[in-house]
Amino acid sequence: MEDSGRPDDDRAASFGSVAGRRAGAGRRSADRTGAARAANHPPARRSDPAPAPAPSAPPQTAGGVPLPPQDWNALPVLRLRRAVAPSLDASTFVQREVLAGRCGGATRTPQGWVLNLDLALLAAADGRVRRVTPRAIDCPTVEQFAAGLLLGAARNNVDLRGAATDSWYRTTMVFAWKA
């Protein structure tokens, strides 16, 4: 969601990566973390050579969809082909969760309150969104709400920049409201 200006009641939700966050230095595949871990633990000695692990085999869940890497900073920033308008309702929902005491991660600013939530998105090479994973902030309702917003915004809208395989991307959703 690109913030094209502050709404009249000063509540807005936006994607940090689209609103100007600096892109990562380059693409890093989700399997690099696993490869680095494997390098720290030498394989057991065998008389016959063991096959090398496939570099494109990131950790899998029971459903067969890869988990995001542990270092989200290494992921490229999510880019959307079309800008998505900020949603007043999104920040209103988050504000209500904070006021009800179900979410304590909001930060007071001179302009009001802000809650940032990092998310990772797995996009298939054909542009389909395969998974959205919010970073845990001890506020499951807002985490799942933000994942749903991102899923809707990214559907048929991810700028893949020529990715040939499934790729993870990162973004930050920013929810802001006046005190």
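The values are calculated or read from the model by the stated rules, or taken from the named source; none is laboratory data. What you see is a predicted model; the values in this text were computed from it and never measured. Cβ sites come from the backbone with ideal geometry, for glycine too, and all protein chains shown count toward neighbours.
Yes/no matrix, rows are residues, columns are (1) in contact with a strand residue (DSSP E or B) (Cβ under 7 Å, 6 or more places away or on another chain); (2) at pLDDT 95 or above; (3) of a type in the set (Val, Ile, Thr):
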residue: THR109; (1), (2), (3): no, yes, yes
residue: GLY112; (1), (2), (3): yes, yes, no
residue: LEU119; (1), (2), (3): yes, yes, no
residue: ARG135; (1), (2), (3): yes, yes, no
residue: THR141; (1), (2), (3): no, yes, yes
residue: GLY148; (1), (2), (3): no, yes, no
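Residues that are buried (at least 23 other Cβ atoms within 10 Å of the Cβ) and either within 15 Å of ARG81 (Cβ to Cβ) or at pLDDT below 90 (or both) within the stretch 167-179 comprise TYR169, THR171, listed in sequence order.
Looking across the stretch 131-166, not a single residue is loosely packed, with under 15 Cβ neighbours inside 10 Å and in a strand (DSSP E or B). For first residues located in the stretch 65-91 and closer than 17 Å to THR172 by Cβ, partners that are surrounded by fewer than 18 Cβ atoms within 10 Å (Cβ to Cβ) and among the hydrophobic types (A, V, I, L, M, F, W, C) and lie 6+ apart or on another chain with Cβ distances below 7 Å form the pairs PRO76/ALA23; VAL77/ALA23.
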